[in-house]
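See structure below.
Please treat every number below as a calculation from the coordinates, not as lab data. All figures in this text were calculated on a predicted structure; none of them were measured in a lab. Ideal geometry is used to build each Cβ from the backbone, glycine not excepted, and the neighbour counts take in all protein chains shown.
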Amino acid sequence: MDRKAHPCGDGTWNSIMATLSDADRLVLANGLILADPARPVTVPHGRTVISGDMLAQVNVPRDDEALHGKILDCSGCLIMPGLVNAHTHGAMSLLRGVADDLPLDTWLNKYIFPAEAKHAGPDFVHLGTALSAVEMALGGITTFADGYFHMEMSARAAVEVGLRGVIAQGILDVPAPDAATPGSWLDRARAFFDGFPHDPLVHPALFCHSPYLCGPETLQRARDLARRLDALLFSHVSETRWETDEIKRRYGSRPVEHLNNLGILGKGFVAVHGVHLADKEMELLAESGTAVVHCPESNMKLASGAAPVQKLLDRGITVALGTDGPASNNNLDLFEEMRSASLMAKLISSDPEALSAGALLRTATIDAARALGMDDRIGSLAPGKLADVIVVDLDRPHLTPMYDPLSHIVYAARASDVKHVIVNGRIIVENHRIKTVDDRDIKQRARAFASALCKDLGIETDFGALLNHDRQDYV
Ligand SMILES: [Zn+2]
């Protein structure tokens, strides 16, 4: 076969092969491949060659010549782009399950805010984000967009685990864990940018909590700072009916109209949630090129409502998928999120054709990458793109038999089916085990934190301590 004519090759086989050394060369062999979520066709896989942090060749024919360097056998598996979680609050894994099944204001005011006020320091953010990053890596998420406080520590955790991260410093008009006085957020944000680690995996950004906790001046100053530093600005927008009513009461317009009036909408702005949107607001999002992050499981759990995702897609709006934080989801499984998003869309529209499997896969890969301004580098597998690749084990009872791999990925697969994960050319998960950090130590420290929190909040039974007790009995 003429290698230069291969549809997935880059036509420069010999020149690339001549420049690769075995030390920085990783070859994925065998299995099936789904390289481009924009055209999700699964085909038999030959070889995919990673050189350093880049994909050098994608699905070239099997050839003995290609088998040097480290070989990762992907027999029985599907090779696909890493998943992109476009919105979470990683540090909140330490508050997962502390309280559930409550109204949002009770949940926040009785449990989450008191716990954050006392504990959400740098160590909390470092440990909680590391725990979330391990969970995401094991589940095939290779890039995440994180929004919280003390975000240098989130960046540090991402780099340690080996995940790609868009790390957004939180902004509030009320006292925050890392900005004690209202208005001090600007100094905090400047310090965040100044101290941000120089690492190709992480990118700094800003995260205004919402139009109801960030006034017009704060939103505009954050926008100006983000634009000056070529960084993204995120905000929760139109998450609840209460928010819509409150913004109308304060400013006389709905949330997206309010943001449009302030000049916030546009390519560098990412609107998270977009649950309660009027038609004219969807038009504003479309005209301005604003991306929306859909977090269906958090929206369902907090009874916020169902975002009109199909209508957003029909208007050409980029929709990315996100888990939201682990305290309101309560896991970081983007496979589950794809399935939930599809089921929710079909239910609310009474249309089984709403949000197809292909559309959902795009929201978790290439469209999420586009929302983060990174679709030229990640979100699909092509020569010259960064090597963010996952390998999904298809030899599972719930994935057997298989008529359509795309159907299985969206409707049947689970995070735990991910076997290998490669980020920036580096294997960070191999055979379902994280290779970059000591995950047992991270889990142990998370249980120790929970023991202290149980005492603070008057939670009677410390189940983490009970688990530790069991473990000591049998070691
Ligand atoms: Zn959120």
What number, rounded to the nearest 500 deg cm²/dmol, is the helix-based mean residue ellipticity at 222 nm of the chain, given -39500 (n - 2.57) per DSSP H run of at least four residues and division by all its residues?
-10500 deg cm²/dmol
Mean separation of Cα contacts under 8 Å (at least 6 apart) over the residue count of the chain, i.e. the relative contact order in percent, is 18 percent
Going by the alpha-carbon gyration tensor, a ≥ b ≥ c the square roots of its eigenvalues, is region 356-396 rounded (a/c under 1.5) or, if a/c is not under 1.5, prolate (a/b greater than b/c) versus oblate?
oblate
Relative to the chain, whose Cα atoms define the longest principal axis, helix 241-251 and its Cα axis are tilted in degrees, nearest 10, by 60 degrees
DSSP loop GluC sites (Glu not before Pro) with at most 15 other Cβ within 10 Å excluded, longest remaining stretch of the chain
1-352
Longer than 20 Å from Cα to Cα, which of K118/K455; K110/K443; K70/K443; K70/K435 are they? Say none if no pair is.
K110/K443; K70/K443
For S342, S238, ascending order of other Cβ atoms within 10 Å (fewest first) is S342, S238
Report, ordered by chain and residue number, the aspartates and glutamates lying within cross-link reach of K385, taken as a straight Cα distance under 19 Å and ignoring same-chain residues fewer than 8 apart.
D10, D24, D36, D53, D199, D367, D375, D376
Mean-position separation - Cα centroids, region 391-456 and region 214-266, in angstrom
35 Å
Just tell me which aspartates and glutamates come within less than 12 Å, Cα to Cα, of K419; anything on the same chain fewer than 8 places away is out.
D73, D393, D395, E430
Please give the helix 122-138 orientation as an angle from the longest Cα principal axis of the chain, in degrees from 0 to 90, rounded to the nearest 10.
40 degrees
What order do you get for I459, I390, I167, I442 when you list them from fewest to most C-beta neighbours inside 10 Å?
I459, I442, I390, I167
I want the antiparallel fraction of DSSP beta bridges within the chain, as a percent rounded to 5.
40 percent
With axes computed from alpha carbons, what is the tilt in degrees of helix 151-161 against the longest principal axis of the chain, rounded to the nearest 10 within 0 to 90?
20 degrees
In which sequence would M151, M402, M338, M282 go, from the one with the fewest C-beta neighbours within 10 Å to the one with the most?
M402, M282, M338, M151
Can you spot the aspartates and glutamates whose alpha carbon is less than 12 Å from K267's alpha carbon? Ignore those fewer than 8 places along the same chain.
D230, E287
Classify the chain: rounded, prolate or oblate, from the alpha-carbon gyration tensor (a ≥ b ≥ c, eigenvalue square roots; a/c under 1.5 rounded; otherwise prolate if a/b is larger than b/c)?
prolate
Net charge around L72, counting only other residues with Cβ within less than 11 Å of its Cβ (Lys, Arg = +1; Asp, Glu = -1)?
+1
